[in-house]
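To start, the structure itself, in structure tokens.
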Amino acid sequence: MARASGTSGGAMLPQRLMQGYRAYREKASGSQRVRFAGQARAQQPQTMVIGCCDSRVAPETIFDAEPGELFVCRNIANLVPRSDSPMGDASVAAALEYAVLALAVKHIVVLGHAGCGGIAAFARRAKPLSAQDYTGRWIAGIAEAQTRLPEKARGQTDYTTLLEQASVATSLHHLRGYPCVATAVESEGLTLHGAHFDIRTGALALYDQNAARFIRVA
């Protein structure tokens with residue numbers, strides 16, 4: 001394979017990515033060679049994280065995870081549609097199926113976050129970004145989470161935060177509608193978790209499913 005040597009036709013990656021790749025190569029050829037070689041054989045993550053596409057919310061960074069520790073599925077607003085949803089996207093279902101049946105993960109974490117653009121766009125009924133309105137059709141799924149909040153919540157200053165958290169709770173409920181997930185949960189081989197990360201402070205809150213509320217990690 002010929003080495004990329006120019007910038008014509010977009011052959012070269014952005015400089016920051018090239019710098020990062022070279023740093024990665026230095027690690028791979030040094031003391032961590034054995035670990036990298038082991039990762040190449042097969043992935044064996046114990047945890048799946050369903051997170052947002054937001055570039056500021058990287059699960060591997062938040063949880064200080066090494067490559068191979070987390071199986072990550074990211075989409076706008078970290079949504080898990082109903083298993084019979086007409087939203088027309090099977091990527092989440094495929095990721096769940098693979099994580100549970102092929103990788104046998106022990107935990108699934110739905111990770112929401114503060115300042116979510118998808119949640120905010122839904123809350124303010126933002127105009128479509130394009131004629132196709134792919135984003136609008138996707139975040140329409142947040143409507144169910146909205147029904148979990150009392151009407152008076154819409155006037156509160158922290159409404160978007162409440163909606164972000166309600167969306168995580170709704171996605172946890174939807175997860176149990178996927179047969180592979182439900183079976184694994186019933187056999188006690190799989191545990192479902194909800195979390196909300198505050199980008200501004202770095203604080204993490206976990207969803208207590210019995211109390212139906214988020215509790216900040218000390």
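Of all the helices (runs of 4 or more DSSP H) wholly in the range 36-130, which have at least 1 residues that are of a type in the set (Asp, Glu)? Working first, answer last.
Working: elements: 59-62, 91-97, 117-123.
Result: 59-62, 91-97.
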Practice task
Kindly indicate whether any position in the range 135-142 is β-branched (Val, Ile, Thr), under 20 Å from residue 78 (Cβ atoms), open to solvent by 30 Å² or more (accessible area, probe 1.4 Å) and in contact (Cβ under 8 Å) with a residue 40 or more places away in the chain.
Solution key: yes
Handout entry: Yes/no for residue 137 being part of a helix (DSSP H, G or I) and over 20 Å from residue 197 (Cβ atoms)
Key = yes
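May I ask you to list the residues in the range 148-184 that are assigned to a helix (DSSP H, G or I), farther than 24 Å from residue 117 by Cβ and either open to solvent by 70 Å² or more (accessible area, probe 1.4 Å) or among the basic types (Lys, Arg) (or both)? Please lay out each step first, then the result.
First, pick out the residues of the range 148-184 that are assigned to a helix (DSSP H, G or I): 151-155, 159-175, 179-184.
So of that shortlist, the ones also farther than 24 Å from residue 117 by Cβ come out as 151-152, 179-184.
Matches in the range 148-184: 151, 152, 179, 183.
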Problem - Residue selected from the range 192-218 under the condition in contact (Cβ under 8 Å) with a residue 24 or more places away in the chain and open to solvent by 60 Å² or more (accessible area, probe 1.4 Å), by the criterion nearest to residue 114 (Cα to Cα) - result: 200
Exercise for the section: Of the conditions (1) farther than 19 Å from residue 51 by Cβ; (2) surrounded by 13 or more Cβ atoms within 10 Å (Cβ to Cβ), residue 187 clears all except one; give me its number. Expected result: (2)
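Look through the range 82-124, keep the residues that are among the acidic types (Asp, Glu) and under 20 Å from residue 185 (Cβ atoms), and return whichever of them is surrounded by the most Cβ atoms within 10 Å (Cβ to Cβ). I'd like the intermediate steps shown before the answer.
In the first step, residues of the range 82-124 are kept if they are among the acidic types (Asp, Glu); the result is 84, 89, 97.
Keeping just the survivors that are under 20 Å from residue 185 (Cβ atoms) gives 84, 97.
Values: 84: 7, 97: 15.
Applying the filter and picking the extreme gives 97.
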Handout entry: Residue match in the range 120-137 (condition: within 15 Å of the chain's Cα centre (by Cα), closer than 29 Å to residue 201 by Cβ and not aromatic (Phe, Trp, Tyr))
Key = no
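The values are calculated or read from the model by the stated rules, or taken from the named source; none is laboratory data. Since the model is a prediction, treat every value here as computed from it, not as a measurement. Please note: Cβ atoms are built from the backbone with ideal geometry, for glycine as well, and neighbour counts cover all protein chains shown. Keep in mind that these areas ignore ligands, DNA and RNA; they rest on the heavy atoms of the full protein, side chains included. Shrake-Rupley method; radii C 1.70, N 1.55, O 1.52, S 1.80 Å.
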